[in-house]
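Okay, structure first, notes after.
The values are calculated or read from the model by the stated rules, or taken from the named source; none is laboratory data. Keep in mind that this is a model prediction, so the values were computed, not measured. Cβ: placed from backbone, ideal geometry, glycine included. Neighbour counts: every protein chain shown.
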Amino acid sequence: MPSCVTMYEYHAWANQTMLNRIVELPSGVYNQEVQSIFPSVATVMAHIYTTDWTWLAIMEGMPMTEAMKLAGPHEEEALKASPQELSELFKLLSARYQELFRRETNLERLLLLDNPYTEAKEISLDQMVMQVVNHGTYHRGNVSAMLRQMGHASVMTEYALFWYADGTPSAASTASGSMGQAEL
């Protein structure tokens, strides 16, 4: 299995692990305003979801500018969703990514990325997947810091923990439970 697929599986696991932790917290924490890079945990998680959606649309052949324009309703849906509902949206999106991985025989295939913020450039599918993973990791770090700022422990979503979780959130809960919650 190509390493970008494994890394995407880690990304999906880490998102679910974070959402599982958020569900355990008092209900108001998810939408609580906080002085940070995003106004709430909900907005960060919706941003991760929307960006994942946008990159998948690009990988499926949609021009970047069009994908960015069409992302708006997906962002609105994610912002209105509870953590449990967002978890389901992420699962559906992950199934679409897995279908792309089954369908695509060459993840090193180049696509023309028409990035409106810079010049057009050919980028491989596997590099786009790694962008999705890296972006999610960065913003889950924001969530961890925000939870800590509000007085709540986060949860470990490090790649090394994924090795012991066998790629499932339930195994990860067991693994992270034995290691304790992150005090970020």
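Structure above, values below:
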{"item": "Boolean, LYS91 is at pLDDT 95 or above and over 27 Å from ILE22 (Cβ atoms)", "result": "no"}
{"item": "Selected residue (criterion: farthest from ASN15 (Cα to Cα)) from residues of segment 148-160 that are touching a residue at least 40 places away in the same chain (Cβ under 8 Å) and assigned to a helix (DSSP H, G or I)", "result": "GLN149"}
{"item": "Residue list for segment 33-49, filter: crowded, with 20+ Cβ neighbours inside 10 Å and either under 30 Å from THR105 (Cβ atoms) or aromatic (Phe, Trp, Tyr) (or both)", "result": "ILE48, TYR49"}
{"item": "Checklist (1) part of a loop (DSSP other than H, G, I, E, B); (2) modelled with pLDDT under 95; (3) not aliphatic (A, V, I, L, M) applied to GLU33, failing item", "result": "(2)"}
{"item": "In segment 6-28, the residues that are hydroxyl-bearing (Ser, Thr, Tyr) and crowded, with 18+ Cβ neighbours inside 10 Å", "result": "TYR8, TYR10, THR17"}
{"item": "Test: residue in segment 115-137 that is of a type in the set (Phe, Trp, Tyr), exposed (fewer than 13 other Cβ atoms within 10 Å of the Cβ) and either over 17 Å from HIS11 (Cβ atoms) or in contact with a Cys (Cβ under 6 Å, 6 or more places away or on another chain) (or both)", "result": "yes"}
{"item": "Search result, residues across segment 36-64 that are at pLDDT below 95 and within 20 Å of TYR117 (Cβ to Cβ)", "result": "ILE37"}
